[in-house]
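Peer 1: Here it is, the structure, as structure tokens.
What follows is calculated from the coordinates using simple rules that are stated; it is not laboratory data. Model, not experiment: these values are computed from the prediction. Ideal geometry is used to build each Cβ from the backbone, glycine not excepted, and the neighbour counts take in all protein chains shown.
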Amino acid sequence: MTREAFIEVLKKEGYSYEMEGDKVVVTDRGDVYLFSLTSLPPDVEFRNRGDVDLRSLTSLPPDVEFRNRGWVYLGALTSLPPGVVFKNRGYVWLDYLLGGYFNRWSGNIEGIDSKRLLNKMIKDGLFKDDKRRV
């Protein structure tokens, strides 16, 4: 998906956004539900005050950041390339990759924040190519 096409979707759905250089920053005051999208352009940041639901997304480009105040739902996602960052306040749902919420994954390590572990795994390329490797 191109940056321009993504901006048109945001406008059509009524979600506010800002441009920071080449980055599209979603700044809406509430939840962002973009059920029909299967891809995003590079350099997108979700900084909205609620949840982000991208249930039909099958891939993410590098340099997508989630800094929203709620959960992130990525039910159909088949890979996570290095550069994707989760710093949202709520849970991360990776249904296809892990079968549910990452914080409930059996491979979590006691005493280590689950999102810190997830970001490290993404950075190390564990979700990059192979589906359902973890």
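Peer 1: How much length is gained if the chain between Asn103 and Glu20 is pulled fully straight, taking 0.36 nm per residue apart and subtracting their Cα-Cα distance, in nm to one decimal?
Peer 2: On the way: separation 83, 0.36 × 83 = 29.88 nm, distance 3.10 nm.
Result: 26.8 nm gained on full extension.
Peer 1: At most 12 other Cβ atoms within 10 Å and a DSSP loop assignment: could you name the chymotrypsin sites (Phe, Trp or Tyr not before Pro) in the stretch 1-65 that fit? Kindly include the intermediate steps, with their values, before the conclusion.
Peer 2: Numbers: sites: Phe6, Tyr15, Tyr17, Tyr33, Phe35, Phe46; in loops: Tyr15, Phe35.
Here the sparse-neighbourhood loop sites are Phe35.
Peer 1: Among the chymotrypsin sites (Phe, Trp or Tyr not before Pro) within the stretch 59-89, which fall in a DSSP loop and have no more than 16 other Cβ atoms within 10 Å of their own Cβ? Don't jump to the answer; show the numbers that get you there.
Peer 2: Working: sites: Phe66, Trp71, Tyr73, Phe86; in loops: Trp71.
Answer in residue order: no site qualifies.
Peer 1: Another question about this same structure. Just want to confirm a number: the relative contact order over the chain, from Cα pairs under 8 angstrom separated by 6+ residues, in percent. Before the final figure, lay out each step's value.
Peer 2: Numbers: 319 pairs, mean separation 21.5, N = 134.
For the chain, the relative contact order is 16 percent.
Peer 1: Bin width 10 Å, origin at 0, all Cα-Cα pairs of the stretch 21-63: what percent of pairs per bin?
Peer 2: 29, 56, 15
Peer 1: Same structure again: Considering every Cα-Cα pair within the stretch 58-118, what fraction, in whole percent, is farther apart than 19 Å?
Peer 2: On the way: 439 of 1830 pairs.
Pairs farther apart than 19 Å: 24 percent.
Peer 1: Report, in cubic angstrom per residue, the convex hull volume of the C-alpha atoms of the chain. Display every interim value, and only then the final one.
Peer 2: On the way: hull volume 12.3 nm³, N = 134.
Spread over its residues, the Cα hull of the chain gives 92 Å³ apiece.
Peer 1: Another question, then. First select every other residue whose beta carbon is under 10 angstrom from the beta carbon of Lys115; then total the charges, Lys and Arg +1, Asp and Glu -1. Walk me through the numbers on the way to the answer.
Peer 2: Values: positive: Lys87, Arg89, Arg116, Lys120; negative: Asp113.
Summing Lys and Arg as +1 and Asp and Glu as -1 gives +3.
Peer 1: How much net charge surrounds Gly21 when only the other residues with a Cβ under 15 Å from the Cβ of Gly21 are counted, with Lys and Arg +1 and Asp and Glu -1?
Peer 2: -4
Peer 1: Exactly which trypsin sites (Lys or Arg not before Pro) in the stretch 25-87 are in a DSSP loop and have at most 14 other Cβ atoms within 10 Å?
Peer 2: In loop regions of the stretch 25-87 (DSSP not H, G, I, E or B), the sparsely surrounded trypsin sites (Lys or Arg not before Pro) are Arg29, Arg49, Lys87.
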